[in-house]
Amino acid sequence: MLSSVQKLPVLLTLIAAMSALAGSATLAQISPARGSLQSADSMPLTDYLGLLGQIAPAAEEGAKAYLSAFQQRCGRALSMAELRRSMTQGEGDPVLMGLIRASHLKDTAARDQWIQQLRCPENNTR
């Protein structure tokens, strides 16, 4: 059985895969039962967080901490598209990945350190 620390790379890979798939060409697809399917960018943020929580509760917790810290430090809410990019660009935003890791390990000191490292976009600083 894998330890908590060994499970983390698998968890982060699953989150990145889910985010990438959610943002793929779903906008052009049609479901006969439901009509047009939404892309991840048009999915309500609460639904996206709920999906994260089903896959990995630590990912949902870390994402919520990231969203809250962004709102507090930058003075505006992070959009669904920005959150998805933060998860999927490269290896993911280090602050977001750190918050997910801290949530997984239940390390409040690390969470607080990661929140202090969050930077607002240049055109949106307080």
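Values in this text are rule-based calculations from the coordinates and carry no lab data. Since the model is a prediction, treat every value here as computed from it, not as a measurement. Quick reminder, even Gly has a Cβ in these numbers, built from the backbone with ideal geometry, and neighbours come from all protein chains shown.
Stokes-Einstein at 20 °C, 1.002 mPa s, Kirkwood radius from Cα pairs: D for segment 53-126 in µm² s⁻¹? Please list the in-between numbers first.
Working: Rh = 12.3 Å.
Result for D is 175 µm²/s.
Between ASP112 and GLU82, take the C-beta separation as r, use R0 = 30 Å, and let me know the FRET efficiency to the nearest 0.05.
Efficiency computed from Cβ-Cβ geometry: 0.85.
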